[in-house]
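A short reminder: the numbers here are calculations on the coordinates, not readings from a lab. This one's a predicted model, so the numbers in the text were calculated from it and none came from an experiment. Every residue, glycine among them, receives a Cβ derived from its backbone with ideal geometry; neighbour counts consider all protein chains shown.
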Amino acid sequence: MQPLPEEEEEALLEVLADCIRGVGVERFLSRHLILPEARFFPDPWEPNARGVGRMVRRLMHHAGLPDDLGVYIGVDTLREQGPELPDTDGAWSSHAIGAPAFFAGVTQRPDGRARCVFGVDQAQLQDPDELAGVLAHEVAHAVRHTLALPVANRDLEEKLTDVTTVVLGFGVLTANNTLRHRSRSDLFGPHFTTPHARTETGYLSPRAMTFLLAAVVEARDLDGTDVRNALEPNQAAWFTEARQRLRTTNVRARLGLGASLPPPPGGPVAPPLPAEEGWLVVVQPERVDEGAPTHPVFRLEQTRAKAGAALGMVLAGLVATTGRWLHLPEWLSWLLLGLGAVLGWWWGARQRWDRCADPRCGAVIPEEALVCPGCRGSVVGRVDEAEDRLAAEELWRSENQPEVDEFTNVRKPPHTIQ
């Protein structure tokens, strides 16, 4: 990935300065840079609505939102028979089907106090590190909403929200989500597989997000070592590179921060949360029917054809080398190599199994399974390539979910990360 053009870096600094002014310079300078570590997220994690609620409340505290602002969490609210969300002061739109998370606005509690309303897809509960970055984006939406900062252009608003996550101290969480590589080993019957997953989330590029993060570290005169160590490998390299380039720029002046800075934020990084009964409401289906295809996933066939061909060529090469010692003709050596490749490919192609096509999962799916054992999604079909998954899911949803009448009470949230 090539470095950002100089004019794009200049534009990013201008947008960063605008977002700092919108959020408030004091708020910007008083935020800790939040890392995916227990000292910033000391609350117990559960893969359910209550666990999401704690994470959202913690992020809201880190963002400087009022402690008396409540939280309403809905899980699987976009399912046809999923729980509905309360009325809010936010705008709704109709393209959030399949969104990992969303901020729906603010609703008033019976006691007159306000509550932020969020929704999360059940499938997002498998990876709390990635979920933290997703929810950081949505909490940034909530901050912009409470400050009346959103712009009418939706795509622009989403990009400005990405920038706002960096201003609020969430830059590591959201920069990591722009590009993640994961691998793991699965043993299923006679098959040993190592699926690799690549996920990309957010609206700005990994280079742009790491440049913004580097600008914040330089402007606040921070060491940045812990930030670099908490980043994904690629992002860490781009962050270091951006800092080196920014050292020739008066970043503090460009961002309108003045010559002197206040002392670093003090006090506890993550004080205990108040009792959940006073601020948290959760709504989640009591049971997900594993036979009902509400969260569709697709099978992706795997074989050992390529590995078998390579193994066949290696074995044939050893035989051919022995043949040279016996002074066999050279054409016979080439024939053995070709024959080894063909036989190896034939053997490998017969070794077949399926895995989940979702790159965030990649689990092996048994032949008779109706539910993915990794992400618990319902298996509804098969795709030839992993890149076909999103198109296949969109087609499945169009064929299996009814059209939504804009005049009905079925509501869909506007703020998504896709």
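Subtracting the Cα-Cα distance from 0.36 nm times the residue separation, let me have the gained length for Leu395 to Arg113 in nm, one decimal.
On the way: separation 282, 0.36 × 282 = 101.52 nm, distance 4.20 nm.
Here the segment from Leu395 to Arg113 would lengthen by 97.3 nm.
Measure off 7 Å from each Cα along the Cα-to-Cβ vector at Glu301 and Asp388, then give the distance between these two points in nanometres to one decimal.
So the two model labels end up 1.0 nm from each other.
For an R0 of 60 angstrom, estimate the FRET efficiency from the Cβ-Cβ distance between Leu29 and Trp346 and round to the nearest 0.05.
So the FRET efficiency works out to roughly 0.35.
Can you compute the modelled spin-label distance between Ala11 and Arg154, with each label point 7 Å from Cα toward Cβ, in nm?
2.2 nm
Measuring from centroid to centroid over Cα atoms, what is the spacing of segment 200-254 and segment 44-63 in Å?
Cα centroid to Cα centroid, the span is 26 Å.
Taking a spot 7 Å from the Cα of Ala310 along the direction of its beta carbon, which residues of segment 368-401 have an amide N less than 11 Å from it?
none
Between Glu276 and Asp68, what is the label-point separation in nm under the 7 Å Cα-to-beta-carbon projection?
The modelled label-to-label distance comes out at 2.4 nm.
Mind ordering 60-66, 32-38, 172-178 by average Cβ neighbours within 10 Å, highest first?
Working: 60-66: 18.6, 32-38: 17.0, 172-178: 27.9.
Listed from highest to lowest mean packing, they are 172-178, 60-66, 32-38.
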